[in-house]
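See structure below.
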Amino acid sequence: MSRSRHTALFALFTVTALTLAGCAEPTDAAGGGSDRAAAKGKTPTTDVVSKVRKDEAAAKLLPAGVREAGTLRIASSVGAPPGAFHEEDGSTVAGADIDFADAVARVLGLKLTREVASFEAILPALGSGKYDLGTGNFGVTDERRRTIDFVTYINDGQGFAVREDSELKKVDDLVQLCGLDVATGAGTTFEVTLQENLPRCAETGKKPYKVKTYADQAAVWISLQQNRSDVVMSTINGLRYAVTQQEGLRFLNEFKRLDVGFAFKKGSPLTPAFQAAVNRLKEDGTYDRILKKWGTAESAIETSEISPPELK
């Protein structure tokens, strides 16, 4: 999708939020502790990165060539708050993923050369060596661990949101979606989960649900607002944030939790340094400040891990 198309969709998403949200205040269900500006249709601007200092012990874990070069190539998937999104200028990126990556880079004494890339393109590009690492709220799954290494930094996962007039009260089994139109992001764990479970509707004698995928998160929400879909399956944090910004929608429930991590080519020598850097951010308080800024305190992890097994 072109940047102009992405920007137009995000602008529509933002305008809808500003017009309809009625400046709703954040609630504990939305994560709690976020900047008040986020609840007024404006994304948080608190600087939580610039005071982060280099940690020599973590930096020494980097390969010598990386320390000498001082730069890494990072691909970032950009969708909607609070993960990663374009600011109103259409080029500046912001969000929790961006803050975490920038803070880790400062701990390691590195500069990141960032390129915005589509979610579904990043993991294959890591394998080809085009990028050194990627961010995009990548959930750690056993399938992905076969070809990708992860360094975890938050816990998020899968959830659902609907219009307020929906008869759905909770989805704890995907057969409850049978007969409905389900909107989700292309190339995501949500799409995989939905497709894998699709035959279960026929097995139980019900009409299959229809999976509608979109490359842009703003388009997912537009489909729900315009009654072209009945339910959205997306990240827990993204859903909770979005429903505070748009009138007439409600967060339904969490479905499955997943660890989320920086993504690397399998066998990358960068992972020990990134793990140490995340844990350093936890020690100095930066980690909690980033979560508070974006209202995602419930996504805190106790310690960063390298490619842990998928949460079941």
Low-density loop GluC sites (Glu not before Pro), region 61-91, at most 16 other Cβ within 10 Å, DSSP non-H/G/I/E/B, are E87, E88
Across 10 Å bins beginning at 0, the whole-percent shares of Cα-Cα pair distances in the chain come to 6, 28, 36, 22, 7, 1, 0
Taking 8 Å as the Cα distance limit and 6 or more residues as the minimum spacing, I'd like the relative contact order of the chain as a percentage. 29 percent
Given 0.36 nm per residue, what is the gain on full extension from T147 to S128 after removing their alpha carbon distance, in nm? 5.7 nm
If you take the beta carbon distance between V175 and E56 as r and set R0 to 41 Å, what does 1/(1 + (r/R0)^6) give as a FRET efficiency, to the nearest 0.05? 0.15
Roll a 1.4 angstrom probe over the protein heavy atoms and tell me the percent of accessible area of the chain that is carbon or sulfur. 50 percent
The alpha-carbon center of region 201-224 and that of region 56-105 are separated, in whole Å, by 32 Å
Ratio of the Cα radius of gyration of region 55-129 to 2.2 N^0.38 Å, where N counts its residues: 1.20
Given the alpha-carbon gyration tensor of region 202-281, what are the semi-axes of its equivalent ellipsoid in whole angstrom, ordered largest first, with each equal to the square root of 5 times an eigenvalue? 33, 19, 13
Of K42/K130; K169/K292; K212/K256; K212/K292, those spanning more than 31 Å from alpha-carbon to alpha-carbon: K42/K130; K212/K292
For an R0 of 51 angstrom, estimate the FRET efficiency from the Cβ-Cβ distance between T45 and E203 and round to the nearest 0.05. 0.55
Within 10 Å, count the other beta carbons around each residue, average over each peptide in 95-105, 194-204, and list them highest first. 95-105, 194-204
For region 58-97, divide the Cα radius of gyration by the Kirkwood radius and give the resulting Rg/Rh value with two decimals. 1.18
Suppose a student asked you for the relative contact order of region 192-312, using Cα pairs under 8 Å spaced at least 6 residues apart; what percent would you report? 16 percent
Tell me the mean residue ellipticity at 222 nm calculated for the chain from its helices only (DSSP H runs of n ≥ 4, each -39500 (n - 2.57), averaged over every residue, nearest 500). -10000 deg cm²/dmol
Distant alpha-carbon pairs in region 111-249 (separation over 19 angstrom), percent: 56 percent
For region 183-285, accessible area per residue (1.4 Å probe, heavy atoms of protein chains only), Å²: 39 Å²
Are there GluC sites (Glu not before Pro) in region 223-312 that DSSP puts in a loop and that have at most 11 other Cβ atoms within 10 Å, and which ones? E302
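The values are calculated or read from the model by the stated rules, or taken from the named source; none is laboratory data. Owing to the predicted nature of the structure, the values given are computational and were not obtained by experimental measurement. Here the Cβ is made from the backbone with ideal geometry for all residues, glycine too, and neighbour counts use every protein chain on show. Surface areas here come from the heavy atoms of the whole protein model, side chains and all, with no ligands, DNA or RNA. Shrake-Rupley method; radii C 1.70, N 1.55, O 1.52, S 1.80 Å.
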